[in-house]
Structure formats: structure tokens, C-alpha cells
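Read the structure below first, then the notes.
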Amino acid sequence: MSADKAKTEATNSSERTRKWRFVRRALPIVFGVLAAAYFARQLVSYWPKIVAVSLTTTVATSVAVAASLHVFSGLMDAWAWGWLLRGLAVPVRNREAMSVFLVSQFAKYVPGGFGQHIGRLAMAKTHGLPYPPLLLSLV
């Protein structure tokens, strides 16, 4: 009887593990879709004002420089987060840290301002990174 009980407990534990693994994988996707939907909604609502801007050389140059600086800033933020994680003894490669950071940044467009942090934790957990230093790195 105890062998059957142990087998049942092992099966239940395995099923719970599979469910949590699914949740951890699905969470970043859900936040990414929410962020993309919010961004698209904002783009559509402001579209008449966007197309009303006359595209002069000065405007085009300003937009290109601002966009380049914004991308560079995001890359530096992502690199610094990876550096911080390694300083907290988390064995993470630059590419892995940067991909988690940059993909989760899209969730900052979800109202509330916390989606990127939840997404970052969820995505980092799928890479097997330890939770306590990840949480500390977000603080």
C-alpha cells in the first residue's frame, strides 16, 4: 500500500512540476502579447498626429539620432544587468542576460509599470537562473 501511495505522490508532484513549467514559459509570452497589444493600440490612437508631422531633414535626423541613442541605452542597460547578475554570483552569459532583459523591456508598455520586472523574473527562471539574486538585481 505504501508503494502505491509513494507512486501516487510522485505522479502528483510530476504533474505539478509540469504545470508550473508551463506557467513559467507562458507568462513571458502573455506579457509580451499584452505589451504588443497596448503598443499597437497607442500607435493606432496617435496615428493621425504621427502622419501630420512634416518630415523635414531636421526632423528625420532628430528621430534617427534619438532612436539610435535609445537603442544604445537599452543595450547598455541590458549589459549592465548581466554584469550586476555576475557580481551577485549568478552564472549568466552576456547574450543570455541581454536577451532576457531586452525582451522583457517590451512589457514596460503594459499599464502599471511592473510587467517588465515580472517578465524578467519569469524569463530568467526558464533559463535556470536562481531567484533570490534575480529579485535583488531588480531592486
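The values are calculated or read from the model by the stated rules, or taken from the named source; none is laboratory data. Keep in mind the model is a prediction, meaning the values are calculated, not measured. Cβ: placed from backbone, ideal geometry, glycine included. Neighbour counts: every protein chain shown. When the accessible area is computed, the model is the full protein with side chains, heavy atoms only, and any ligands, DNA or RNA have been set aside. Shrake-Rupley method; radii C 1.70, N 1.55, O 1.52, S 1.80 Å.
Computed from backbone phi with θ = phi - 60° and the Karplus coefficients 6.51, -1.76 and 1.60, the 3J(HN,Hα) list for the range 79-89 is 5, 5, 5, x, 5, 4, 4, 5, x, 8, 6 Hz; x is used for glycine and proline.
When every alpha-carbon pair in the chain is counted, what percent end up more than 24 Å apart?
Numbers: 4726 of 9591 pairs.
Within the chain, distances greater than 24 Å cover 49 percent of Cα pairs.
Only helices enter the 222 nm calculation for the chain: every DSSP H run of n ≥ 4 contributes -39,500 (n - 2.57), and dividing by all residues gives -28500 deg cm²/dmol, rounded to 500.
Couplings for the range 131-136, taken from phi via the Karplus curve 6.51 cos²θ - 1.76 cosθ + 1.60 with θ = phi - 60°, read 5, x, x, 5, 4, 4 Hz in order; Gly and Pro are left as x. Evaluated over the chain, the count of Lys pairs having alpha-carbon atoms less than 29 Å apart is 7 (only pairs 8 or more residues apart or interchain). Of all the options ARG86, ARG24, ARG41, the one that moves most in a Gaussian network model of the chain with Cα springs shorter than 10 angstrom is ARG41.
For the range 18-75, what percent of Cα pairs sit more than 17 Å apart?
I get 66 percent for the Cα pairs in the range 18-75 exceeding 17 Å.
Solvent exposure of the range 40-96 amounts to 78 Å² per residue of accessible area, where only protein heavy atoms count and the probe is 1.4 Å. Taken about its Cα centre, the chain carries a charge dipole of roughly 320 debye when the Cβ of each Lys and Arg holds +1 and the Cβ of each Asp and Glu holds -1. Using a Gaussian network model of the chain in which every pair of alpha carbons under 10 angstrom is joined by a spring, one finds that among ALA35, ALA52, ALA67 the greatest mean-square fluctuation is at ALA52.
Angle, helix 2-52 long axis vs. longest principal axis of the chain, Cα atoms, 0 to 90°, nearest 10? For 2-52 against the chain, the angle is about 10 degrees.
Note on the chain: GNM, Cα springs under 10 Å; of VAL103, VAL53, VAL30, the largest mean-square fluctuation is that of VAL53.
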